[in-house]
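Notes for the one structure printed next.
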Amino acid sequence: MDEPESAKISMTRSSEAVPSPAGQPPKTNGAQSKDMRGRPRRRADAIFRMLVQGSGVVLLVIMAAIAVFLILQAIPALKADTTNFLTTLNWAPDSTPSSFGIAALAFGSLLTSLLALVMSVPVAVGVALAISHYAPRWLAGPLAYVVDLLAAVPSVVFGLWGLIYLVPSIIGPSKFLSTYFGFIPLFETNGTYGKSVFAASVVLAVMIIPIIAAISREIFVQTPRDHIEAAWAIGATKWEMVRTAILPYGRSGVVSATVLGFGRAIGETIAVALVLSANYEISLHILQPGGNTIAANIANRYGEAGGIGRGALIASGLVLFVITLIVNFGARAIVRRGEREGA
Amino acid sequence: MKRPQRRVALGSLIGAGLLLTACGSDTGGSPSSSTNPGGAGITCSSGSLTAAGSTAQQNAMAQWIKDYLNKCSGANINYGGGGSGQGVQQFTDGKVDFAGSDFPLAAGAEQQGADARCKAGPAINIPMVGGPIAVGYNVPGVTKPLNLSASNLAKIFTGKITKWNDGAIAQDNPGVALPALGIQTFHRSDGSGTTYNFTNYLAHDAKADWTFGADKNWTAPGGQGAKGSQGVAQGVKSTAGGIGYFELSFATQSQIPYAAVGNAEGKFVSLTQDNAVKFLSYAKVAGTGSDLKLDFDYATTDASAYPNLLVTYEIVCSKGNPADKIPLLKNFLGYAASPAGQQELPAQGYISLPDNLRQQVQQAVNSLG
């Protein structure tokens, strides 16, 4: 994820004076017609630069095109909505009068994804550390392989597992939590259990562990040898070495991995649609049936949606798009601050 | 390292594809063996037809297409699922030759849009397949089929009756030892013609207790939602005290017992092929001309008419079809509406159209142009 400093600099255009991200004095290079080592630029360089920049531009164009498409499709439905799109707890776009709102769906998307992160990040970081620094060589290889393999399992498989196995077997633990910790609003129930936000979050957590673990592992492995040696040299125990050398080095990578995991969780469609019992209420009672997410709602409602219904679903997709963008920017800010403090 | 990994990923993707297709079908099971190996009732023409829409009729279509193509090698017919709403949209956009839909075209914008596509004549609804809806339950210890009145069903599905040994249920089931078990209701979380017709039945036969009208999306509070009839059946099957509604084929496949439901007069009617066809035969044609949009007669007091079923339509241009498509369109839909075609249905978990209606359907198909 994060290239070493030297790689970052070599990727910026050599002719420009770019202040380095770590706040070191700007480095300038020679005349425009020379490359970094002072050799004349070749045509291949120019072509390669064009290709690379082209790819970047194409990506931006695709993103913009998606946004424009979503907005254009959503506008007629949003105009037809007779209630407040942001606050209504209902989804009946094709009824007369049309009434639908994103509140419960957006809330459910964020709640399931956040719960999934809370459950998966500690486990994933542990798995990554175990593979990179704890497991013996003969075990680390196969373990890493299994984690990568898990990342390739299609989500519908996780969904079916959730529906057929997890939902019935999570009732016991749910009852336990509700009986003994019911004073916490999160664990309160109305006495029924089953297709709950909790079950959906567990499915999502299992789905995103491999992504977070795989990326974190890659970062941890790259920890410079001298950081580790330095920790050993001042008499650190293994845990102290991990805490002072590996985790600080890998922090921005773990945050990036978490953001990717969050992206997969909040965009997950079919697994959530299979496991959640869809309704349109905002409730923190994660152990009882209920909950819904933007993506699952699209999967559930698209097939039978009429003209306005389709537009309404696309409008909800637009909201999901915006939420993901905000989360990404937020995470980037965290990474950047971390780099500045760590430097 | 790289290679085996990729192979495994590919394998699981293919697996997922298979699973997804299995989920899409609304009646479960694949087309079973044909009752029409000789291709009776089929007149061949060549060309190609594309259709899409209702997943409820997908297995029926698959069977008819298989029969037709077996006999007629020059034809090419495709029916894609996707849901009724999708089908109607694609029909209106001119992307398919006809659409399968669990609902007739809604008066207003939807009908006008479809008419505009047809230009020369209005778009019409032709009922083609009937599907009985079972109310399945999981009550341990109860072996005799339960009697559930429309009013009790409405109260159960709105959370007003919460125990299986409630007096109102016990009263209708003398001699049955009902357990003091909580009731857990399951409904569809996706939009569905099954939900529409089940709630339509409740809205008519349990007016006082069901105030949510008929809707393809479940609107009543409480209960658990599940995706697809498969999901509802799975929920009922795995939950002691569970109850849900789904097409009959899911009840028989998963061996879930189903109730005799109450009609308008409070008589209990068990779900059999004959009883369902009987109810369909009372349906009134609400459309004009060759439009055969149906209104079910929920008020019927006939104790051998099972009042909880759905009918799924083909939506097609009455006039203005492309000249090169007309022969195949008429011959294929004509086969579906023929006695031989309709006889394929019971084996797929559907019911055949009653003869009075079937003849009207055949006339409507013949008049297409």
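The values are calculated or read from the model by the stated rules, or taken from the named source; none is laboratory data. The shown structure was predicted, so the numbers you read here are calculated from the model rather than taken from an experiment. Here the Cβ is made from the backbone with ideal geometry for all residues, glycine too, and neighbour counts use every protein chain on show.
Of the residues making up region A:224-250, those that are closer than 16 Å to A:Ala130 by Cβ and not small (Gly, Ala, Ser) number 7. Figure legend. Inter-residue proximity from region B:70-87: first residues within 17 Å of B:Ala60 (Cα to Cα), second residues in a strand (DSSP E or B) and not small (Gly, Ala, Ser), beta-carbon distance below 7 Å, spacing 6+ or different chains. Indicated pairs: B:Ile77/B:Leu49; B:Asn78/B:Thr50.
Give B:Thr252, B:Thr239 a once-over and let me know the one that is within 12 Å of chain A (Cβ to nearest Cβ) and in contact (Cβ under 8 Å) with a residue 40 or more places away in the chain. It is B:Thr239. Of all the listed residues (A:Ala135, A:Ala130), the sole one being among the aliphatic types (A, V, I, L, M) and within 26 Å of the chain's Cα centre (by Cα) is A:Ala130.
Contact annotation: residue pairs with Cβ atoms under 9 Å, 6 or more positions apart or on different chains, pairing a residue in region B:222-235 that is facing chain A (nearest Cβ under 8 Å) with a partner that is of a type in the set (Lys, Arg), are B:Gln224/A:Lys195; B:Gly225/A:Lys195; B:Gly225/B:Arg188; B:Ala226/A:Lys195; B:Ala226/B:Arg188; B:Lys227/B:Arg188; B:Gly231/B:Arg188; B:Gly235/A:Lys195. Mind counting the residues in region A:70-113 that are free of Cβ contacts under 8 Å to residues at least 12 places away in the same chain and more than 13 Å from every other protein chain (Cβ to nearest Cβ)? Residues that pass the stated criteria total 2. Among all residues of region A:187-208, there is at least one that is under 25 Å from A:Ser109 (Cα atoms), exposed (fewer than 13 other Cβ atoms within 10 Å of the Cβ) and not acidic (Asp, Glu).
Conditions (1) within 13 Å of chain B (Cβ to nearest Cβ); (2) of a type in the set (Gly, Ala, Ser); (3) part of a helix (DSSP H, G or I), marked per residue:
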residue: A:Ala128; (1), (2), (3): no, yes, yes
residue: A:Leu160; (1), (2), (3): yes, no, yes
residue: A:Leu163; (1), (2), (3): yes, no, yes
residue: A:Leu177; (1), (2), (3): no, no, yes
residue: A:Phe198; (1), (2), (3): no, no, yes
residue: A:Leu204; (1), (2), (3): no, no, yes
residue: A:Ile208; (1), (2), (3): no, no, yes
residue: A:Thr223; (1), (2), (3): no, no, no
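If the condition is being modelled with pLDDT of 90 or more and of a type outside the set (A, V, I, L, M), then region B:71-83 contributes B:Asn76, B:Asn78, B:Tyr79.
The residue of region A:282-296 that is nearest to the chain's Cα centre (by Cα), among those that are under 18 Å from A:Ser113 (Cβ atoms) and facing another protein chain (nearest Cβ under 9 Å), is A:Ala296. Against the test of being crowded, with 24+ Cβ neighbours inside 10 Å, in contact (Cβ under 8 Å) with a residue 60 or more places away in the chain and away from chain A (no Cβ under 14 Å), the options B:Phe198, B:Phe279, B:Phe268 yield a single qualifying residue, B:Phe198. Among the residues of region B:102-113, are any of a type in the set (A, V, I, L, M), in a helix (DSSP H, G or I) and within 14 Å of chain A (Cβ to nearest Cβ)? Yes; the residues of region B:102-113 include at least one that is of a type in the set (A, V, I, L, M), in a helix (DSSP H, G or I) and within 14 Å of chain A (Cβ to nearest Cβ).
Give B:Ala299, B:Ala240, B:Ala303, B:Ala283 a once-over and let me know the one that is more than 24 Å from A:Pro168 (Cα to Cα) and out of contact with any helix residue (DSSP H, G or I) (no Cβ under 8 Å at 6 or more places or on another chain). Residue meeting the stated conditions: B:Ala303. Looking across region B:137-182, the residues that are within 31 Å of the chain's Cα centre (by Cα) and among the β-branched types (Val, Ile, Thr) come down to B:Val139, B:Val142, B:Thr143, B:Ile156, B:Thr158, B:Ile161, B:Thr162, B:Ile169.
Determine whether region B:331-338 contains at least one residue that is assigned by TED's automatic domain parsing to the domain that holds B:Val96, among the polar types (S, T, N, Q), closer than 18 Å to B:Ala276 by Cβ and part of a loop (DSSP other than H, G, I, E, B).
No - not one qualifying residue is present in region B:331-338.
Summed over region B:81-110, residues that are within 21 Å of B:Val365 (Cβ to Cβ) and in contact with a strand residue (DSSP E or B) (Cβ under 7 Å, 6 or more places away or on another chain) total 14.
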